[in-house]
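Here's the structure we're looking at; comments come further down.
Nothing in this text is a laboratory measurement; each read-out follows from the coordinates by a stated rule. Since this is a predicted model, take the numbers as computed values, not measurements. For neighbour counting, all protein chains shown are included, and Cβ atoms are generated from backbone atoms with ideal geometry for every residue, glycine included.
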């Protein structure tokens, strides 16, 4: 059973550019969530996808968007990058919705915006 | 809204000392509660969880009890090791809609 994987590991972008981050869910998991973790802070919920539909969203602007594919892998897209978007982006997958299902986290993508 | 509050760090202990990291939460309904650990340069790993009041989660010598009356989920370990040095996050999940993390508590264990 493979765990959650994310790519790329590190990324440097310029303000105003667009970025796409990728996540492969753990085998059998149909739910994926994305989080932003700024340096020295706890992860902040961006959004969650369940069976290819957005299921919930945190307090992030529309320039943060996502997709979940039929194989339950996922993308996070960020348009018009700002300096404050520099953070570790974490993807987590779970077997289904609901608090009883554990979220398994990937190692993250470190995004630096200059 | 839902929120999680943790004791501020850093917490510095000597090896074999007793550890307590306080966590309190605010939520409607009956959330599930979690402790995650993050080692340097890595993602988050689930340490333990509890899904209903009075449940005790435990793993690797760590324990936490879901106390609904005090809305708390304090993390404890009887004897810490140097390898326990990491950042610990308390979190809640309210019916899968939104996972809320606390700010994290950095633990340093000295030999």
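Quick notes
- Yes/no for residue B:49 being within 14 Å of chain A (Cβ to nearest Cβ) and either closer than 25 Å to residue A:59 by Cα or touching a residue at least 12 places away in the same chain (Cβ under 8 Å) (or both): yes
- Segment B:25-46: number of residues that are within 10 Å of the chain's Cα centre (by Cα) and either surrounded by fewer than 21 Cβ atoms within 10 Å (Cβ to Cβ) or over 19 Å from residue B:99 (Cβ atoms) (or both): 1
- Selected residue (only one of A:81, A:76 is on the phi < 0 side of the Ramachandran plot, outside any loop (DSSP other than H, G, I, E, B) and more than 14 Å from chain B (Cβ to nearest Cβ)): A:76
- Checking segment A:60-70 against the condition returns no match, with no residue being touching a residue at least 40 places away in the same chain (Cβ under 8 Å), under 24 Å from residue B:5 (Cβ atoms) and surrounded by fewer than 21 Cβ atoms within 10 Å (Cβ to Cβ).
- Checking B:58, B:72, B:108 one by one, the residue that is more than 22 Å from residue A:103 (Cα to Cα) and away from every other protein chain (no Cβ under 14 Å) is B:108 and no other.
- Some residue of segment A:41-63 being part of a strand (DSSP E or B) and more than 14 Å from chain B (Cβ to nearest Cβ): no
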